[in-house]
Amino acid sequence: MENSILNILPIVLLFDLLIPFLLAPSYKGYNHLMQVMSVLGNDKAPLHGIYNIWLIILGIVLILNNFLIYKIVSRHSTLLAILLFIAILIYAIGGCVLSGLFSVGETKSLVTITQKVHGYGSAIGFMVLALTPLLFSLYGFKTERTTFAVCSLICFILAIITFTLFVMADKPNLQNTIIAYEGLWQRLSLMFMYIPMACIYIVD
């Protein structure tokens with residue numbers, strides 16, 4: 001039963017990256033390169049309800065799998081297991097469940113309570129999730145799973161680089177440059193954050 005739940009994690013994480021491509025055609029003017037995924041959850045998006053429900057489902061799946069990841073990692077390191085559990089839990093709640101319950105507007109402006117909850121929850125969630133590839137890498141080195149450890153470390157470096165570009169994307173002096181591709185950097189950073197988590201059941 002536990003393995004069955006954990007085995008669906010890669011599929012769920014992959015679907016999180018793919019669902020914007022399924023919903024975006026209904027939202028005229030949406031640009032995958034320039035706009036973040038959560039814009040698909042704003043009230044003006046025709047299928048915003050589907051995207052917001054998906055975020056809540058994603059958060060619940062991550063919380064359930066988080067206990068199994070803790071169980072795997074704690075066999076070798078209680079400290080790494082606790083740190084991973086906290087990081088994934090914060091992302092699952094702040095970056096997924098709260099983001100689904102409190103949708104963002106078409107822009108990054110944080111005016112209403114709903115926008116502030118979404119904005120701060122998502123920001124904090126993304127920041128802590130960015131650390132998880134490093135923690136998975138340390139777990140890999142500790143358990144002599146060298147390939148997993150090195151891949152996770154590479155994912156961590158790439159996640160930090162793309163996340164930094166994502167944060168810088170809305171700077172006025174960087175507009176009309178490749179750095180302004182906010183949507184692209186968000187998707188790439190998420191992908192690099194997700195890969196080690198998706199592969200943990202393979203190396204266990």
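The values are calculated or read from the model by the stated rules, or taken from the named source; none is laboratory data. Predicted, not measured: the structure shown is a model, and the values here were computed from it. Cβ coordinates were reconstructed from backbone atoms using ideal geometry, including for glycine residues, and neighbour counts include every protein chain displayed.
Against the numbered list (1) of a type outside the set (Ser, Thr, Tyr); (2) under 21 Å from residue 79 (Cα atoms); (3) surrounded by fewer than 19 Cβ atoms within 10 Å (Cβ to Cβ); (4) at pLDDT below 95, residue 173 comes up short only at (2).
State whether the residues of the range 43-51 include one that is of a type in the set (Phe, Trp, Tyr), in a loop (DSSP other than H, G, I, E, B) and under 28 Å from residue 112 (Cα atoms).
Our first condition is that a residue be of a type in the set (Phe, Trp, Tyr); within the range 43-51, this holds for 51.
From what's left, in a loop (DSSP other than H, G, I, E, B): none.
No: zero hits.
Every condition in (1) under 14 Å from the mean Cα position of the chain (by Cα); (2) more than 23 Å from residue 192 (Cβ to Cβ) holds for residue 42 except the one numbered (1).
Taken together, the criteria place residue 195 among residues that are touching a Cys at 6+ places or on another chain (Cβ under 6 Å) and aliphatic (A, V, I, L, M).
Matching residues to (1) surrounded by fewer than 17 Cβ atoms within 10 Å (Cβ to Cβ); (2) modelled with pLDDT under 95; (3) in contact with a helix residue (DSSP H, G or I) (Cβ under 7 Å, 6 or more places away or on another chain):
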position	(1), (2), (3)
82	yes, no, no
104	no, yes, yes
114	yes, yes, no
128	no, no, yes
138	no, no, yes
156	no, no, yes
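Out of 33, 64, I need the residue that is assigned to a helix (DSSP H, G or I), surrounded by fewer than 17 Cβ atoms within 10 Å (Cβ to Cβ), of a type in the set (A, V, I, L, M, F, W, C) and under 18 Å from the mean Cα position of the chain (by Cα). Which one?
On the way: 33 fails: assigned to a helix (DSSP H, G or I).
Step by step, each of 33, 64 is checked, and only 64 is assigned to a helix (DSSP H, G or I), surrounded by fewer than 17 Cβ atoms within 10 Å (Cβ to Cβ), of a type in the set (A, V, I, L, M, F, W, C) and under 18 Å from the mean Cα position of the chain (by Cα).
So, in the range 70-80, exactly how many residues are among the basic types (Lys, Arg) and either under 12 Å from residue 136 (Cα atoms) or at pLDDT 95 or above (or both)? Looking only at that region, the number is 0.
When 122, 152 are checked against the criterion of being among the polar types (S, T, N, Q), crowded, with 19+ Cβ neighbours inside 10 Å, under 22 Å from residue 44 (Cβ atoms) and in contact with a helix residue (DSSP H, G or I) (Cβ under 6 Å, 6 or more places away or on another chain), a single residue qualifies: 122. Contact annotation: residue pairs with Cβ atoms under 8 Å, 6 or more positions apart or on different chains, pairing a residue in the range 17-34 that is more than 13 Å from residue 54 (Cβ to Cβ) with a partner that is surrounded by 14 or more Cβ atoms within 10 Å (Cβ to Cβ) and of a type in the set (Phe, Trp, Tyr), are 24/30; 33/181; 34/181. Of all residues in the range 133-186, those satisfying the criterion of being of a type in the set (A, V, I, L, M), more than 29 Å from residue 39 (Cα to Cα) and either assigned to a loop (DSSP other than H, G, I, E, B) or more than 18 Å from the chain's Cα centre (by Cα) (or both) are 138, 149, 150. Just need a number here: residues in the range 49-77 that are touching a Gly at 6+ places or on another chain (Cβ under 6 Å) and polar (S, T, N, Q). The qualifying residues number 1.
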